[in-house]
1. Filter region 428-480 for residues that are β-branched (Val, Ile, Thr) and more than 17 Å from the chain's Cα centre (by Cα) and give the result.
2. Looking at Ala177 and the list (1) touching a Lys or Arg at 6+ places or on another chain (Cβ under 6 Å); (2) within 16 Å of the ligand (Cβ to nearest atom), which single condition is not satisfied?
3. Could you grab me the full set of residues in region 339-397 that are closer than 30 Å to Gly224 by Cβ, touching a residue at least 60 places away in the same chain (Cβ under 8 Å) and acidic (Asp, Glu)?
4. Across region 223-247, which residue is farthest from the ligand (Cβ to nearest atom) among those that are more than 16 Å from Arg340 (Cβ to Cβ), part of a helix (DSSP H, G or I) and open to solvent by less than 50 Å² (accessible area, probe 1.4 Å)?
5. Among the residues of region 255-273, is any within 20 Å of the chain's Cα centre (by Cα) and within 16 Å of the ligand (Cβ to nearest atom)?
6. For region 24-60, enumerate the residues that are open to solvent by less than 10 Å² (accessible area, probe 1.4 Å) and not small (Gly, Ala, Ser).
7. Does Leu8 satisfy being under 24 Å from the mean Cα position of the chain (by Cα), at pLDDT 95 or above and under 20 Å from Ser419 (Cβ atoms)?
8. Can you find a residue in region 276-283 that is out of contact with any helix residue (DSSP H, G or I) (no Cβ under 6 Å at 6 or more places or on another chain), within 16 Å of the ligand (Cβ to nearest atom) and within 28 Å of Gln191 (Cβ to Cβ)?
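The values are calculated or read from the model by the stated rules, or taken from the named source; none is laboratory data. Given the structure is predicted, the values throughout are model-derived calculations rather than measurements. When we count neighbours, we look across all protein chains shown, and the Cβ atoms used for this are built from the backbone with ideal geometry, even at glycine. Quick note on the areas: whole protein, heavy atoms, side chains included, nothing else; ligands and nucleic acids left out. Shrake-Rupley method; radii C 1.70, N 1.55, O 1.52, S 1.80 Å.
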Amino acid sequence: RIAGPCSLVIFGVTGDLARRKLMPAVYDLANRGLLPPSFALVGFARRDWDDQDFGQIVHDAVRDHSRTPFREEVWERLSEGFRFVQGAFDDDAAFDQLSEVLAELDRQRGTDGNHAFYLSIPPGAFPTVCEQLQRSGLAEQTEEHWRRVVIEKPFGHDLRSAQELNAVVNRVFPEDAVFRIDHYLGKETVQNILALRFANQLFDPLWSSHYVDHVQITMAEDIGLGGRAGYYDGIGAARDVIQNHLLQLLALVAMEEPVSFEPKELQAEKIKVLSATRNVLPLELNTARGQYGPGWQGSTEVPGLVDEEGFAADSITETYAAIAVEVDSRRWAGVPFYLRTGKRLGRRVTEIAIVFKRAPHLPFDKTMTEELGENALVIRVQPDEGITLRFGSKVPGSSMQVRDVNMDFSYGQAFTESSPEAYERLILDVLLGEPSLFPVNDEVELSWKILDPVLEHWAASGRPDTYESGTWGPRSADEMMSRVGRTWRRP
Ligand code: BG6
């Protein structure tokens with residue numbers, strides 16, 4: 001579906017996200033013919049730019065980061081709708097000017113008064129911008145046009161601040177005009193969880209505590225935090241990734257079949273799971289956190305967090321976090337879900353592993369099954385997108401030796417079309433007014449409810465452990481698993 005006439009206003013247009021993800025995604029959408037001729041992109045920032053400078057910035061961002069090839073005719077048409085408004089977030093005059101620029105675009109380009117405001121800015125600035133949008137009349141909803149606001153995480157830093165933030169946003173925009181970005185939901189492989197579970201007969205009978213021993217959800221990155229102190233210091237891995245991406249993945253894996261794929265029905269099922277999710281206690285045995293120290297990333301020597309630019313020597317920000325939760329439901333009673341994320345780990349990989357119970361009886365000599373592990377279904381979110389089924393198989397030869405093998409589905413082999421970037425899908429959905437892939441406020445608050453006790457526990461327990469860069473995290477994370485006779489997967 002092609003978006004209707006509208007303009008997209010990006011606040012925080014000089015930031016990293018805008019340059020690396022948002023601008024390239026807008027171009028890719030245009031290149032795929034999914035934006036209307038009556039489309040405008042407006043940048044708002046303090047920087048002393050004019051429309052030309054802004055155009056050049058978008059051009060460079062597109063050149064460096066777009067997924068699809070550069071086509072002059074697409075660029076020409078798109079860039080005619082670029083405008084830049086200079087100002088600070090508390091500057092009335094700048095918002096009045098924004099209002100004029102948008103009205104002029106309505107007349108010149110036929111954007112019809114439909115505006116999406118993308119707040120790619122620190123949450124501390126949300127209230128000011130929302131109030132300015134209201135004051136200047138830009139947030140006003142009518143029968144004739146729509147106004148939507150898109151907000152980037154973090155949605156607060158705990159339950160209370162999330163509630164306050166939400167109250168501020170909802171004073172200006174009704175809930176159905178608020179689009180909260182969790183870009184993991186824009187990923188093809190994440191949407192495929194629903195297809196895998198609800199379009200097939202094969203997996204559902206196994207999808208419960210009868211057959212599942214535990215679930216491991218891993219989001220590992222090899223990059224460090226050089227250059228991101230401003231955002232990350234004091235936030236840490238749990239707030240940055242577990243509160244949003246990993247709990248959303250858990251909700252998709254654990255939820256019941258929705259009545260339909262209507263947004264309300266999907267949300268209702270996710271909300272049910274998140275309401276039933278609780279931490280495995282005691283927290284000191286069932287959580288782990290760490291901060292990367294110096295080490296090696298491949299053949300490059302890398303510094304520890306506290307030696308990265310912008311981090312103080314006594315920073316206690318965690319760069320690795322692991323928690324164990326359970327979902328109190330008939331389907332999942334007693335099945336732990338282990339969630340972990342970290343920077344400067346062995347490699348970049350996001351995966352969901354459903355680890356099955358061992359066969360109740362093995363009619364083999366012990367020596368024959370020494371190399372047999374647990375059966376597992378692994379959803380490879382990225383990179384190398386696909387699904388692996390891991391099971392035991394006879395090793396060719398004269399004796400009955402059994403060893404684990406993999407059966408693989410790979411996107412690259414099964415499909416010729418490449419997957420759109422998450423931000424392409426999500427920006428298009430905002431412009432279409434399609435809310436399925438955006439967490440609603442209840443989901444955000446429930447996620448904080450799960451995480452808050454862990455954060456409080458950590459805040460009261462001193463410094464995080466240190467782990468060597470390029471390894472798989474702190475020793476406490478391994479101990480958390482070995483205590484219950486399990487191990488983390490080495491993806
Ligand atoms: C963001 C986090 O949400 O996701 C970053 O704030 C992280 O810290 C990023 O690097 C990873 O995204 P992706 O799509 O590369 O897994």
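1. Filtering region 428-480 down to residues β-branched (Val, Ile, Thr) leaves 430, 440, 444, 450, 454, 466, 471.
Hits for region 428-480 are Ile450, Val454, Thr466, Thr471.
2. All conditions are met except number (2).
3. Scanning region 339-397 gives Glu351, Glu385.
4. Residues of region 223-247 that are more than 16 Å from Arg340 (Cβ to Cβ), as a first pass: 223-235.
Within this subset, residues satisfying the condition of being part of a helix (DSSP H, G or I) are 229-232.
From what's left, open to solvent by less than 50 Å² (accessible area, probe 1.4 Å): 229, 232.
On the way: Ala229: 12, Tyr232: 7 Å.
Per the stated criteria, the residue is Ala229.
5. No - not one qualifying residue is present in region 255-273.
6. Step one: filter region 24-60 for residues open to solvent by less than 10 Å² (accessible area, probe 1.4 Å), giving 24-29, 39-45, 54, 58.
Pro24, Val26, Tyr27, Asp28, Leu29, Phe39, Leu41, Val42, Phe44, Phe54, Val58 - these are the residues of region 24-60 that are open to solvent by less than 10 Å² (accessible area, probe 1.4 Å) and not small (Gly, Ala, Ser).
7. Details: under 24 Å from the mean Cα position of the chain (by Cα): yes; at pLDDT 95 or above: yes; under 20 Å from Ser419 (Cβ atoms): no.
So Leu8 does not fit the description; no.
8. Scanning region 276-283 turns up no residue that is out of contact with any helix residue (DSSP H, G or I) (no Cβ under 6 Å at 6 or more places or on another chain), within 16 Å of the ligand (Cβ to nearest atom) and within 28 Å of Gln191 (Cβ to Cβ).
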